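Have a look at the structure below before the remarks.
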Amino acid sequence: MRKVIAIAGAVVADAVRRKVVWVVAVFAALLAVAVPALPSYGVGVMAPVYREVSIALMWSAALAVGLALAATRIPVEVERRTVFNVISRDVRRWQYVLGSWLGMFAVLGVMVAAFPVATIGIGAFVYGEVMWRLFEGALGVWLEIGVIMSVAVALSCEFGSITSVVGALAFAFIGHAVVGLLKLPPDARPPWYWPTLDVFNVINPVAHGAGFGLVYGLSMIAAFVAWVAIFMIISSLVFGRRDL
Amino acid sequence: MAMTVDSAEQTGSGVSEGDAPAILIEHARKDYGRAAGGRREAVADVSIRVSRGALHGLLGPNGSGKTTTLKMLLGLVRPSSGRFEILGAPSTAPGARARLGFLPEQPYFPTQLTAGEAMRLYGRLAGLTRTQIAEQSAELLDRVGLDGRQKTLLSKFSRGMLQRLGLAAALLGDPEVLVLDEPASGLDPIGQRDVRNLMVELKNAGVTVLLSSHQLSEVEAISDEVTILNRGRVAARGHIDALLNVAGQTSVTARGQGELPPVVRPIVESVAISGATQVFSVPDDRVRTVVDALDDSGWRVVSVVPKRASLEDYFARMLDDDPSSDAPRKAGGR
């Protein structure tokens, strides 16, 4: 695990030096400031709508950054041959793949954490309410984008960056369309064994309810671990067969 | 057909780790599938045995399969077939590459890291503790001429500096075996000399070095053994002296005024003159006659050594003799 963490640390250091995290944090603050100025707020500014829009923006920004990181990291490292210095040591390919994903997931975590800090601050200023529940929304976004990043990593072990982005987006879309595909009622949940990303969709309880409970949070984490494990195994198998 | 000069045979399995060669590659083969059908054979059949403590040169023209062979050894490329061992253990086994350092050709690093951060990363991957990394990083960066550059971003490094950093990174963890792919690439003459001295120092310290290089003079100057690849096969291998010494000929260097003594002139060949010094070759059985005649004529004999071709001449001759050197070797299309 030490080698996995070392590789993850290098990914984080690289992202920090490239100012990815700081640019996104500033972007988050600007968006948070802009949310109350949206036209729909003219008919009655409501804190729940602010929370809903904030989570949607958080998801969109995290998806963009997550895919940009995950779909390019391994192809670029292979193309620039920086991967040689890692794999030629006593490092297994699964350690490299897992370490790379873990580093990108950590970078995403910093970025996703910055978002609610900004939106909670603006929310407190505009509505006089400290919306701690936005951190719950951030957790859901972080875990879901982490899964989508693992898909992008798996694809990027074999394909180029654009194919990986398109494939990961298709996965995200299908992952949220299961209810429709199974022709279930809109509020229904698919069977537990059915693969879906809806478990990470916490907009309703966070924006309009009292948040999700501990048990639901744990079920989200379990689903996240299962999804990521599947795609990390696929990534390792695909990358392990590849000539560098 | 390979010209094998030494008598060392591939030992194969059944050798204890302590007796095993530092690097053993047996019948390595790599072919790639092509979209147009058929297969391209990058390495047809390569066997290399590097003794412990040796400095072994790996030579060959572009496309001869040197880098692919090294990549197969290091787990970067999956071999189509063959056996690869490092210090007696299969090279893909966990821990096998922990005792090996590798300098890739034109090493690339994450340019947003500093030299110190890069050394920390590779030190951790080599299994070193934080203290060991700090100690070794400072020592190795100093050794390769990058003292005081720990905090410099790699994006500000020149190609030669990156090459030096690659060497330092390869030496982290005191590897028992070093694989260097074009270590002098991108270095100025002083840097090339430093690298050559470093390799000799490492060899003297008992480190096994496998050196892949285009710089024939470098390989000739420091290698004990060489393997020459051509078109994915071993074209020649053996001790450098055995490969280059010209059978039956001795090289004599002598200083004197005017022409060589009349008794010597018909015997000698390949005369090279530089001022008062003349270098020429003599059949082994006439050396005594020539030396005595030079002495009698007031000439000073500077050296009498076995005649040796340059590696460059040997290499060029060998490639010229290879009838298949024009077209890539291809396996049957499938």
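Condition check: crowded, with 22+ Cβ neighbours inside 10 Å and within 22 Å of A:Arg92 (Cα to Cα). Does B:Leu178 satisfy that?
yes
Across segment A:89-129, which residue is modelled with the highest pLDDT among those that are touching a helix residue (DSSP H, G or I) at 6+ places or on another chain (Cβ under 7 Å) and not in a helix (DSSP H, G or I)?
A:Val91
Here are some residues: A:Ser164, A:Ser150. Which one is polar (S, T, N, Q) and under 12 Å from the mean Cα position of the chain (by Cα)?
Step by step, each of A:Ser164, A:Ser150 is checked, and only A:Ser150 is polar (S, T, N, Q) and under 12 Å from the mean Cα position of the chain (by Cα).
Output the residue which, of all residues in segment B:147-173 that are away from chain A (no Cβ under 14 Å) and assigned to a loop (DSSP other than H, G, I, E, B), is nearest to A:Ala13 (Cα to Cα).
B:Gln150
Going through segment B:93-123 one residue at a time, which ones are more than 7 Å from chain A (Cβ to nearest Cβ), over 15 Å from B:Leu178 (Cα atoms) and of a type in the set (A, V, I, L, M, F, W, C)?
B:Ala93, B:Ala115, B:Ala118, B:Met119
Let me spell it out: the conditions are (1) among the acidic types (Asp, Glu); (2) surrounded by fewer than 19 Cβ atoms within 10 Å (Cβ to Cβ); (3) under 13 Å from A:Leu197 (Cα atoms), and A:Glu144 meets all of them except one. Which number is the exception?
Going through the list (1) among the acidic types (Asp, Glu); (2) surrounded by fewer than 19 Cβ atoms within 10 Å (Cβ to Cβ); (3) under 13 Å from A:Leu197 (Cα atoms), A:Glu144 breaks only (2).
Among the candidates A:Val78, A:Val112, single out the residue that is among the β-branched types (Val, Ile, Thr) and either over 30 Å from B:Gly173 (Cα atoms) or more than 14 Å from every other protein chain (Cβ to nearest Cβ) (or both).
A:Val112
Looking for whichever is buried (at least 20 other Cβ atoms within 10 Å of the Cβ), in contact with a Ser or Thr (Cβ under 8 Å, 6 or more places away or on another chain) and touching a residue at least 12 places away in the same chain (Cβ under 8 Å) here; the options are A:Ser150, A:Ser100. Which one fits?
A:Ser150
Cβ contacts < 8 Å: first residue on the phi > 0 side of the Ramachandran plot, restricted to segment B:181-198; second residue of a type in the set (D, E, K, R), any location; separation 6+ or different chain. Result?
B:Glu182/B:Glu105; B:Gly186/B:Arg159
Select from segment B:20-53 the residues that are of a type in the set (A, V, I, L, M), touching a Phe, Trp or Tyr at 6+ places or on another chain (Cβ under 8 Å) and modelled with pLDDT under 90 and list them in ascending order.
B:Ala42, the sole residue that qualifies.
What is the residue count in segment B:227-276 for residues that are in contact with a helix residue (DSSP H, G or I) (Cβ under 7 Å, 6 or more places away or on another chain) and of a type in the set (Ser, Thr, Tyr)?
Summing the residues that are in contact with a helix residue (DSSP H, G or I) (Cβ under 7 Å, 6 or more places away or on another chain) and of a type in the set (Ser, Thr, Tyr) in segment B:227-276 gives 1.
Taking the condition away from chain A (no Cβ under 13 Å) and among the β-branched types (Val, Ile, Thr), does B:Val144 pass?
yes
Kindly check whether there is at least one residue in segment A:78-89 that is among the hydrophobic types (A, V, I, L, M, F, W, C), crowded, with 23+ Cβ neighbours inside 10 Å and either under 17 Å from the mean Cα position of the chain (by Cα) or under 19 Å from A:Leu31 (Cβ atoms) (or both).
no
Suppose we filter B:Ser91, B:Ser64 for residues that are of a type in the set (Gly, Ala, Ser) and either surrounded by fewer than 19 Cβ atoms within 10 Å (Cβ to Cβ) or under 21 Å from A:Arg242 (Cα atoms) (or both); which single one remains?
B:Ser91
Return the only residue of B:Gln132, B:Gln112 being closer than 27 Å to A:Met1 by Cβ and surrounded by 17 or more Cβ atoms within 10 Å (Cβ to Cβ).
B:Gln112
Looking only at segment A:3-26, filter to residues that are away from chain B (no Cβ under 14 Å) and at pLDDT below 75; which one of those is surrounded by the most Cβ atoms within 10 Å (Cβ to Cβ)?
Looking at residues that are away from chain B (no Cβ under 14 Å) and at pLDDT below 75, I get A:Val24.
The values are calculated or read from the model by the stated rules, or taken from the named source; none is laboratory data. Everything quoted here is computed from the prediction, not taken from an experiment. In this analysis, Cβ positions are derived from the backbone assuming ideal geometry, glycine residues included, and neighbour counts consider all displayed protein chains.
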